[in-house]
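Novice: Structure incoming, see below.
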Amino acid sequence: MEKKEPLLQFALFQSSVDEGFWHRLSSLKLNKLGIDDSPIPLIGFYAPCSHSQVSNHLTLLAESLPSELSEASLTPETSHGNRNRCSVPGILYNTNTVESFHALDKQKLLKEVAGKIWDDILTGKAVEDCSVLSRFLVISFADLKRWSFHYWFCFPAVMLDPPATVVNLRPASQLLSTAEAESLSAACNKWRSSKSTTDVPFFVVMIDPNSCATVKLLKDWEAYQNDAHKILFGFYDPCHLANNPGWPLRNFLALITARWNLKSVQFFCYRENRGFADMDLSLVGEASVTVPQGWKDAVPNAVGWELNKGRKVPRCIGLAQSMDPTRLAISAADLNLKLMRWRALPSLDLSALSSVKCLLLGAGTLGCQVARMLLAWGIRKISLVDNGRVAMSNPLRQSLYTFDDCLNGGAYKATAAVESLKRIFPAVEAEGIVMAIPMPGHPVNSHEHDSVLEDCKRLHGLIDAHDAVFLLTDTRESRWLPTLLCANTNKITITSALGFDSFLVMRHGAGPFSHASSDFNAETANSSSADMPKCCENDANEKHRLGCYFCSDVVAPTDSTSNRTLDQQCTVTRPGLAPIASALAVELLIGILHHPQGIFAEGDINSSIGGAAEQPLGILPHQIRGSLSQFSQMTLLGHSSSNCTACCHTVVSEYRSRGMQFILEAINHPTYLEDLTGLTELMKSASSFSLDWDKDIDDDNDEGFVEI
């Protein structure tokens, strides 16, 4: 009875995925792909086995994926010349849901990739670029909330029917003569040391009658086949097993059989030790291949799904435990914002949000809420100004403080708020400034002038160093100086104020010198006013500019803290009011940052649907007034006043001309601002008009009427 030759059995490719691959995939998914689940080209890497006990894997690295800066084709960059990285093309199907991942037709996907390999064999592409023989496939689902990844590798291999058999598979040092083995070792080392061939995984070995071995490209086989005494078809074998060649040989045999009609193939499994050819570890064998007539007419069956501990199931890896907690917090915090860009808000500018610097004046009920809302919108640079301490009554309403902050006299709110923000989100760039804001109607004596002036200069510097300012203090007069300084430097300014059951949220318009240079040094302002920019501005121009918090006032801000009862000293409001007003204030800022006209954007109201509908975030109102008692909210529009005590041309010009002396006079003399802006004359005119009107009525009365 004739002895049957044993079947040629191959060791399946093994996969390895670097953690950087998953981070790159996550970034690509969030920032560029969104819900697009189109196939993504990959580049995998492998190298010949380099250890007698360990096989090499096909590895995916961060550079296996295209970068976010790649063109729309999403093609990863391929590098050549690295002896430890033989590039292999692959394809990734990343689904949007875990259900879709499990529902993928794996057999269909396997056949599609196997069909490409077979087509490359028949057209000769695999001879020119032999890396396509090892095409691979990956399916995955990235759970970016939990930082876990489900995945499954497939290494499609064409099945020969009947299967190939093997004759005399042994180490190369045993099957070849000593001279042949030494020459082959030297030739392989030369091949591997050349930058042009070191990462070419399939080749032909020609051994002449003098036992001299030469390594050639596959495309050179036909030209040199008649000159060789012995021909070996070699490949980089990632497998370490002594009795089994690696997986790449399967498609290599299909190529040799289909292209050159060889029935008996001598193959060479090239393996290394310490970076050099190892003829004891490398294998040489002979495969017998028998194929039926017409087998090229259809794509042969294929196999290749990787086993997971001997079972045909996908793998899952979780990275949350291995990630730096701060980095994990940043990724999780940005997740909601990046998901907005998938469908709801593609134009969301995350870089603008992360770079904007916000100054919060007041770290009380409003300041705490605004700070947290800013974090939720991806704003990471926040400074808080407050000189108060945390009282026992604060933690229930002011969300950044706890009972411990109230002990030992209470921690400063500004510093306690920053510490709380860093506990909530370690990556926040927060700063707390303990200082008082000088206020009109609160006179200072000569001994306090220097400290008050220092506070003014410090506040000026803070406003100048930030992009947006929130006025969140609990008195009207404390908002005056920041409003003036913001108008002078043309900063985005948002005010939020609370009543018992009503609130006001508004954005200030651009300053009166917004079209001129706003560079100004308050310390040198007293030296000369001749060099200040001249700006001719009339009432009509003022009306085209949105008003500030003080534009509707007919009196200057004065002391509102003295001689007040307990309920007037505390901010007595319904608890639900502050979160609503704070959220609207932050939403106003986001709207300004995304509006093409920014701070110069006109004020929209509810009925102005036309232009507002064109903005991704909807309307951008000037003022929002709400009432909890009525559960109502309205948007209002008010233009700047030429008599405003905080932002009009006259006041800002006076500040630019006189600097800190102007501030001191406004603080110490209650009527100074009213006299300067013309409010005093305006009130006199109004009183005079009233008297004249009464006189006219008196003249026109009939005698039968009695004057009351």
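The values are calculated or read from the model by the stated rules, or taken from the named source; none is laboratory data. Not measured: the values here are computed from a predicted model. Don't worry about glycine lacking a Cβ; one is built from the backbone with ideal geometry, like all the others, and counts go over all protein chains shown. The area values use the complete protein model at the heavy-atom level, side chains included, leaving out ligands, DNA and RNA. Shrake-Rupley method; radii C 1.70, N 1.55, O 1.52, S 1.80 Å.
Novice: Tell me which residues, restricted to the stretch 373-399, are open to solvent by less than 60 Å² (accessible area, probe 1.4 Å) and in contact with a strand residue (DSSP E or B) (Cβ under 9 Å, 6 or more places away or on another chain).
Specialist: LEU374, LEU375, ILE379, ARG380, LYS381, ILE382, SER383, LEU384, VAL385, ASP386, GLY388, VAL390
Novice: Among what's in the stretch 630-659 and is among the aliphatic types (A, V, I, L, M) and open to solvent by 40 Å² or more (accessible area, probe 1.4 Å), pick the residue that is nearest to ASP675 (Cα to Cα).
Specialist: Initial filter on the stretch 630-659 (among the aliphatic types (A, V, I, L, M)): 634, 636-637, 646, 651-652.
Still in the list and also open to solvent by 40 Å² or more (accessible area, probe 1.4 Å): 634, 636-637.
On the way: MET634: 34, LEU636: 29, LEU637: 27 Å.
Among those residues, the one meeting the criterion is LEU637.
Novice: Of (1) in contact with a helix residue (DSSP H, G or I) (Cβ under 8 Å, 6 or more places away or on another chain); (2) modelled with pLDDT of 95 or more; (3) acidic (Asp, Glu), GLU112 satisfies all except one. Which?
Specialist: Unmet condition: (1).
Novice: Can you find a residue that is among the small types (Gly, Ala, Ser), at pLDDT 95 or above and surrounded by 21 or more Cβ atoms within 10 Å (Cβ to Cβ) anywhere in the stretch 345-363?
Specialist: yes
Novice: I need the full set of residues from the stretch 5-43 which are free of Cβ contacts under 8 Å to residues at least 40 places away in the same chain and within 29 Å of TYR270 (Cβ to Cβ), in order please.
Specialist: none
Novice: Pull up the stretch 380-420, narrow it to residues that are touching an Asp or Glu at 6+ places or on another chain (Cβ under 9 Å) and among the acidic types (Asp, Glu), then point me to the one that is nearest to SER351 (Cα to Cα).
Specialist: Step by step, filter the stretch 380-420, then rank; the result is GLU419.
Novice: Do you know which residues across the stretch 3-17 are of a type in the set (A, V, I, L, M, F, W, C) and assigned to a loop (DSSP other than H, G, I, E, B)? Even if it seems obvious, please write down each step before you answer.
Specialist: Within the stretch 3-17, the subset of a type in the set (A, V, I, L, M, F, W, C) is 7-8, 10-13, 17.
Once the filter is applied, which keeps residues that are of a type in the set (A, V, I, L, M, F, W, C) and assigned to a loop (DSSP other than H, G, I, E, B), the stretch 3-17 yields LEU8, PHE10, LEU12, PHE13.
Novice: Of all residues in the stretch 237-294, how many are assigned to a loop (DSSP other than H, G, I, E, B) and either open to solvent by 10 Å² or more (accessible area, probe 1.4 Å) or within 19 Å of VAL215 (Cβ to Cβ) (or both)?
Specialist: 25
Novice: Might you check whether a residue that is under 30 Å from PHE268 (Cβ atoms) and aromatic (Phe, Trp, Tyr) occurs anywhere in the stretch 44-52?
Specialist: To start, the set of residues in the stretch 44-52 that are under 30 Å from PHE268 (Cβ atoms) comprises 44-52.
Narrowing the set further to residues that are aromatic (Phe, Trp, Tyr) leaves 45-46.
Scanning the stretch 44-52, I find at least one residue that is under 30 Å from PHE268 (Cβ atoms) and aromatic (Phe, Trp, Tyr), so the answer is yes.
Novice: Do you know which residues across the stretch 380-401 are without any contact (Cβ under 8 Å) to a residue 60 or more places away in the chain and small (Gly, Ala, Ser)?
Specialist: Scanning the stretch 380-401 gives GLY388, ALA391, SER399.
Novice: In the stretch 615-645, what residues are part of a strand (DSSP E or B) and in contact with a strand residue (DSSP E or B) (Cβ under 6 Å, 6 or more places away or on another chain)?
Specialist: Scanning the stretch 615-645 gives PRO621, GLN623, ILE624, ARG625, GLY626, SER627, GLN633, MET634, THR635, LEU636.
Novice: So, restricting to strands (runs of 3 or more DSSP E) that lie completely within the stretch 112-193, which ones have at least 2 residues that are open to solvent by less than 20 Å² (accessible area, probe 1.4 Å) and β-branched (Val, Ile, Thr)?
Specialist: On the way: elements: 136-143, 148-158, 165-171.
Those strands (runs of 3 or more DSSP E) span 136-143.
Novice: How many of the residues in the stretch 18-44 are part of a strand (DSSP E or B) and open to solvent by less than 30 Å² (accessible area, probe 1.4 Å)? Walk me through it before giving the result.
Specialist: So in the stretch 18-44, the residues part of a strand (DSSP E or B) come out as 40-44.
Still in the running and open to solvent by less than 30 Å² (accessible area, probe 1.4 Å): 40, 42-44.
Of the residues in the stretch 18-44, 4 are part of a strand (DSSP E or B) and open to solvent by less than 30 Å² (accessible area, probe 1.4 Å).
Novice: Taking interchain pairs and intrachain pairs at least six residues apart, which have beta carbon atoms under 6 angstrom, with the first residue in the stretch 94-109 and on the phi < 0 side of the Ramachandran plot and the second open to solvent by 50 Å² or more (accessible area, probe 1.4 Å) and in a loop (DSSP other than H, G, I, E, B)?
Specialist: Filtered contacts from the stretch 94-109: THR95/ASP37; ASN96/ILE35; ASN96/ASP37.
Novice: On to the next question. What's the total number of residues in the stretch 301-322 that are hydrophobic (A, V, I, L, M, F, W, C) and either farther than 18 Å from TYR151 by Cβ or not in a loop (DSSP other than H, G, I, E, B) (or both)? Full working, then the answer.
Specialist: Step one: list which residues in the stretch 301-322 are hydrophobic (A, V, I, L, M, F, W, C), which gives 302-303, 305, 307, 313, 316-317, 319-320.
Filter once more, so that each one left must be either farther than 18 Å from TYR151 by Cβ or not in a loop (DSSP other than H, G, I, E, B) (or both): 302-303, 305, 316-317.
Of the residues in that region, 5 qualify.
Novice: Looking only at the stretch 437-492, filter to residues that are of a type in the set (Asp, Glu) and either under 15 Å from LEU664 (Cα atoms) or modelled with pLDDT of 95 or more (or both); which one of those is surrounded by the most Cβ atoms within 10 Å (Cβ to Cβ)?
Specialist: Within the stretch 437-492, the subset of a type in the set (Asp, Glu) is 448, 450, 454-455, 464, 467, 474, 477.
Next, only the ones that are either under 15 Å from LEU664 (Cα atoms) or modelled with pLDDT of 95 or more (or both) stay: 448, 450, 454-455, 464, 467, 477.
Details: GLU448: 12, ASP450: 10, GLU454: 13, ASP455: 18, ASP464: 18, ASP467: 16, GLU477: 20.
Step by step, filter the stretch 437-492, then rank; the result is GLU477.
Novice: Residues in the stretch 588-606: is at least one more than 32 Å from the chain's Cα centre (by Cα) and either in contact (Cβ under 8 Å) with a residue 40 or more places away in the chain or open to solvent by 30 Å² or more (accessible area, probe 1.4 Å) (or both)? Break it down stepwise before answering.
Specialist: Step one: filter the stretch 588-606 for residues more than 32 Å from the chain's Cα centre (by Cα), giving 605-606.
Filter again for either in contact (Cβ under 8 Å) with a residue 40 or more places away in the chain or open to solvent by 30 Å² or more (accessible area, probe 1.4 Å) (or both), leaving 605-606.
Yes, the conditions are met somewhere in the stretch 588-606.
Novice: Let me ask another. What's the number of the condition LYS422 fails, among (1) over 18 Å from VAL469 (Cα atoms); (2) surrounded by 15 or more Cβ atoms within 10 Å (Cβ to Cβ)?
Specialist: Going through (1) over 18 Å from VAL469 (Cα atoms); (2) surrounded by 15 or more Cβ atoms within 10 Å (Cβ to Cβ) one by one, LYS422 breaks only (2).
Novice: Being touching a helix residue (DSSP H, G or I) at 6+ places or on another chain (Cβ under 9 Å) and not aliphatic (A, V, I, L, M) narrows it down to one residue among ARG315, ARG343, ARG372, ARG311; which is it? Step through it out loud before you land on a result.
Specialist: On the way: ARG315 fails: touching a helix residue (DSSP H, G or I) at 6+ places or on another chain (Cβ under 9 Å); ARG343 fails: touching a helix residue (DSSP H, G or I) at 6+ places or on another chain (Cβ under 9 Å); ARG311 fails: touching a helix residue (DSSP H, G or I) at 6+ places or on another chain (Cβ under 9 Å).
Within the list ARG315, ARG343, ARG372, ARG311, the selection yields ARG372.
Novice: Can you say whether LYS338 is part of a helix (DSSP H, G or I), within 30 Å of LEU133 (Cα to Cα), of a type outside the set (Gly, Ala, Ser) and touching a helix residue (DSSP H, G or I) at 6+ places or on another chain (Cβ under 7 Å), as far as the supplied structure shows?
Specialist: Numbers: part of a helix (DSSP H, G or I): yes; within 30 Å of LEU133 (Cα to Cα): no; of a type outside the set (Gly, Ala, Ser): yes; touching a helix residue (DSSP H, G or I) at 6+ places or on another chain (Cβ under 7 Å): yes.
Taking the combined requirement at face value, the residue does not satisfy it.
Novice: Which members of the stretch 295-326 meet the condition of being small (Gly, Ala, Ser) and either open to solvent by less than 40 Å² (accessible area, probe 1.4 Å) or within 26 Å of GLU19 (Cβ to Cβ) (or both)? Outline the logic, then answer.
Specialist: Our first condition is that a residue be small (Gly, Ala, Ser); within the stretch 295-326, this holds for 298, 302, 304, 310, 318, 320, 322.
ALA302, GLY304, GLY310, GLY318, ALA320, SER322, listed by residue number.
Novice: For the stretch 6-51, which positions are farther than 16 Å from THR95 by Cα, out of contact with any helix residue (DSSP H, G or I) (no Cβ under 6 Å at 6 or more places or on another chain) and of a type in the set (Phe, Trp, Tyr)?
Specialist: Those that are farther than 16 Å from THR95 by Cα, out of contact with any helix residue (DSSP H, G or I) (no Cβ under 6 Å at 6 or more places or on another chain) and of a type in the set (Phe, Trp, Tyr): PHE13, PHE45, TYR46.
Novice: Considering the stretch 263-303 alone, what residues qualify as being closer than 17 Å to PHE235 by Cα and hydrophobic (A, V, I, L, M, F, W, C)? Lay out the reasoning, then the answer.
Specialist: Step one: list which residues in the stretch 263-303 are closer than 17 Å to PHE235 by Cα, which gives 264-273, 275-287.
VAL265, PHE267, PHE268, CYS269, PHE276, ALA277, MET279, LEU281, LEU283, VAL284, ALA287, listed by residue number.
Novice: Could you list, in sequence order, all residues of the stretch 82-111 that are more than 21 Å from ASP36 (Cβ to Cβ), open to solvent by less than 20 Å² (accessible area, probe 1.4 Å) and either not small (Gly, Ala, Ser) or not in a strand (DSSP E or B) (or both)? Reasoning before the result, please.
Specialist: In the first step, residues of the stretch 82-111 are kept if they are more than 21 Å from ASP36 (Cβ to Cβ); the result is 82-88, 106-107, 110-111.
From what's left, open to solvent by less than 20 Å² (accessible area, probe 1.4 Å): 86-88, 110.
Of everything in the stretch 82-111, those that are more than 21 Å from ASP36 (Cβ to Cβ), open to solvent by less than 20 Å² (accessible area, probe 1.4 Å) and either not small (Gly, Ala, Ser) or not in a strand (DSSP E or B) (or both) turn out to be CYS86, VAL88, LEU110.
Novice: Moving to a separate point now. Looking only at residues in the stretch 194-236 that are open to solvent by less than 50 Å² (accessible area, probe 1.4 Å) and among the small types (Gly, Ala, Ser), which one is nearest to PHE267 (Cα to Cα)?
Specialist: For the stretch 194-236, the residue satisfying everything is GLY234.
Novice: Which one of these is open to solvent by less than 40 Å² (accessible area, probe 1.4 Å), touching a Lys or Arg at 6+ places or on another chain (Cβ under 7 Å) and at pLDDT 95 or above: ALA416, ALA411?
Specialist: ALA411
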